[in-house]
Amino acid sequence: MALLTLLYITFLAGGLIATMSRVDSQLLLTQLTSLLGPEIVKGDAVSLEAYSHDATPLFRGLAEVVVSPRTTAEVAEVVRFAGRTKTPIIARGAGSNLCAATVPLNGGIVLSMVNMNSILEISKSEMIAVVQPGVTNLHLDTEVGKEGLMFVPDPGSRSVSTVGGNVATSAGGLRGLKYGTTKNYILGLEVVLGTGEVIRTGGRLVKDVAGYDLTRLLVGSEGTLGIFTEITAALVARPHASKYGVGYFDDLTSASIAVERIMGSGILPSTLEFLDNTCIAAVEDFAHLGLDVKAGALLLFGDHGDSPFVDSIVQKMAEIASGVDGCREVTLAPDIAAAEALLYARRCSLPALARLGTLSILEDISVPRPLMAATVTGIEKIAEKYALLIGTFGHAGDGNLHPTIVLDKDDREAVQNAERAMAEIFTLALEMGGTITGEHGVGSAKLPYLEARLGTVQMSLQRSIKTVFDPHGILNPGRLGS
Ligand SMILES: Cc1cc2nc3c(=O)[nH]c(=O)nc-3n(C[C@H](O)[C@H](O)[C@H](O)COP(=O)(O)OP(=O)(O)OC[C@H]3O[C@@H](n4cnc5c(N)ncnc54)[C@H](O)[C@@H]3O)c2cc1C
């Protein structure tokens, strides 16, 4: 909390930038340039400013150098140099994370992985892809799609976010309910450790239980245990058909009952998403899709697979939803354009809400699914207490909620209230048996709340693990393992 407060004050004071030099910045730049060449080492003000923030509002910090390696050997060279000079390294993909995971709060080297952006192999028979970390999620999915395959993780940021960033955050998305998230699809990694050593974990095997599962440990490690330089991902067969529908409900409680009944019927849909009334109104105002703005909650449901099967599953979901007290209307998208419009309604929730203020803070908690409606009611009470506008949307099937606070960035009291509200929302999630982040990660933004989730013993274990992988403490310091 103290850290957050300091950062907010820093922001309000006019974007004062936190730097902590260990060796002289100019010397760092000169030495790295002579090691790696000027093409991939930048220290000019424009480059440093470009990497001073990510998608998280309120956090700012200035690196001393930005390095964009092209090979694993160059990554290892930078890491060894950083170890010798005790310089922080912040690995970065697209910088689309929402937890200040890539803001260089302590200066140092931003290691931008975007130059390592090749798809090295797609094996249709093995259903795997081997890629460099800077490939974007959408590009990979598009390319494997040409082979009739699908890369499952589909974060809303997929057109820009990188596979390396997806792996480092174990990104989720709209398909998580049916298929799981990134952690379920990573078979092997090439990783540069904090010592500069290069290891390969796992591989292309479907089965391999030789030793501790370091691949699984590294997925979600947020750049604190190693830098991924090559990723082997499992793919699935691309579904032939998809169908979507929308249900409107008087309130989220009735929408939640529909979710429980759908899941209880044995259906595992690919999509089960919700918007609260604030989000419905904001999206309608933004996208003019003809949504029922009087409804208390919108439930988007859908599935994909083979055509007749999908049609019957989605029809059954519609019938279940219609039978719930408080259901106002259920309609099925008659064609692809209508289905796309429905998916867009969910995907544009954030930009639609963001228009309502000059600052929007997208949060990410997970709770047991049956407690989702009670959690949203709790969030509404918190919004009322602090006189804040909070719209909540999310993955209803996963119990993963994205309460989004919209405010005026120049209203200092509102910003402080937003900070208090966030803290209460995390406490609420924990009281519900949930967690402080379902898919966005911890970064710097949520580190102050991590111990409440993990307890002291696990925090200590996490620090010990960090030391083994990164004995000099140079990889994304001040985040996980700190
Ligand atoms: C509009 C919007 C929608 C979003 N929707 C979703 C969503 O639906 N689901 C979801 O899970 N997230 C979502 N996100 C959050 C974010 O896009 C994801 O966390 C994404 O995986 C980050 O990828 P990136 O390439 O931008 O990584 P970055 O933001 O650059 O980095 C994220 C983390 O990965 C580390 N990292 C990056 N590359 C490497 C590497 N090669 N080796 C080691 N560590 C590395 C960084 O140090 C950092 O800790 C959304 C964000 C936005 C802005």
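The values are calculated or read from the model by the stated rules, or taken from the named source; none is laboratory data. Computed from a prediction, not measured in an experiment: that's the story for all the values here. Note: ideal-geometry Cβ built from the backbone for every residue, glycine included; neighbour counts use all protein chains shown.
Only one entry of P133, P104, P88 meets the criterion of being under 22 Å from S221 (Cα atoms), at pLDDT 95 or above and in contact with a Pro (Cβ under 6 Å, 6 or more places away or on another chain), and that entry is P88.
Restricting region 355-373 to residues that are of a type outside the set (A, V, I, L, M) and outside any helix (DSSP H, G or I), which is nearest to I262 (Cα to Cα)?
For region 355-373, the residue satisfying everything is P368.
Could you check region 467-482 and list, in sequence order, the residues that are touching a strand residue (DSSP E or B) at 6+ places or on another chain (Cβ under 8 Å) and not in a loop (DSSP other than H, G, I, E, B)? Result: F469, L475. The residue of region 319-371 that is nearest to the ligand (Cβ to nearest atom), among those that are of a type in the set (D, E) and farther than 25 Å from A414 by Cα, is E340. Taken over region 423-450, the residue count meeting the criterion of being outside any helix (DSSP H, G or I) and within 26 Å of R92 (Cβ to Cβ) is 12. Could you list, in sequence order, the residues of region 92-121 that are polar (S, T, N, Q), under 18 Å from V160 (Cα atoms) and either surrounded by fewer than 24 Cβ atoms within 10 Å (Cβ to Cβ) or touching a strand residue (DSSP E or B) at 6+ places or on another chain (Cβ under 9 Å) (or both)? Within region 92-121, S96, T102, S112, N115, N117, S118 qualify. Applying the selection to region 208-264, what residues are within 20 Å of A94 (Cβ to Cβ) and among the polar types (S, T, N, Q)? Correct list: S221, T224, T229. All of E222, E230, E284, E273 fail the test of being surrounded by 24 or more Cβ atoms within 10 Å (Cβ to Cβ) and either within 20 Å of G172 (Cβ to Cβ) or modelled with pLDDT of 95 or more (or both), apart from E273. Scanning region 419-446 for residues that are among the basic types (K, R) and over 18 Å from the mean Cα position of the chain (by Cα) yields a single hit, R420.
Scanning for something surrounded by fewer than 22 Cβ atoms within 10 Å (Cβ to Cβ), in contact with a strand residue (DSSP E or B) (Cβ under 7 Å, 6 or more places away or on another chain) and more than 30 Å from Y185 (Cβ to Cβ), does region 240-250 turn up at least one residue? Yes. Within the set R453, R463, R420, the sole residue that is among the charged types (D, E, K, R), touching a Phe, Trp or Tyr at 6+ places or on another chain (Cβ under 7 Å) and part of a helix (DSSP H, G or I) turns out to be R420.
Results for (1) touching a Lys or Arg at 6+ places or on another chain (Cβ under 9 Å); (2) part of a helix (DSSP H, G or I); (3) buried (at least 22 other Cβ atoms within 10 Å of the Cβ), shown as yes or no for each residue.
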position	(1), (2), (3)
I267	yes, no, no
L289	no, no, no
M317	no, yes, yes
E329	no, no, no
E340	no, yes, no
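Being in contact with a Gly (Cβ under 7 Å, 6 or more places away or on another chain) and assigned by TED's automatic domain parsing to the domain that holds V131 holds for only one residue in D208, D213, and it is D208. Only one of the numbered conditions (1) surrounded by fewer than 17 Cβ atoms within 10 Å (Cβ to Cβ); (2) modelled with pLDDT of 95 or more; (3) within 26 Å of the chain's Cα centre (by Cα) is not met by Y344, and that is (2).
Working only within region 126-158, note down all residues that are of a type in the set (D, E) and either surrounded by fewer than 18 Cβ atoms within 10 Å (Cβ to Cβ) or in contact with a helix residue (DSSP H, G or I) (Cβ under 8 Å, 6 or more places away or on another chain) (or both). Result: E126, E143, E147, D154.
Being of a type in the set (A, V, I, L, M), modelled with pLDDT of 95 or more and out of contact with any Pro (no Cβ under 6 Å at 6 or more places or on another chain) is not true of V75. May I ask you to list the residues in region 253-282 that are among the small types (G, A, S) and out of contact with any helix residue (DSSP H, G or I) (no Cβ under 8 Å at 6 or more places or on another chain)? Of everything in region 253-282, those that are among the small types (G, A, S) and out of contact with any helix residue (DSSP H, G or I) (no Cβ under 8 Å at 6 or more places or on another chain) turn out to be S254, G264, G266, A281.
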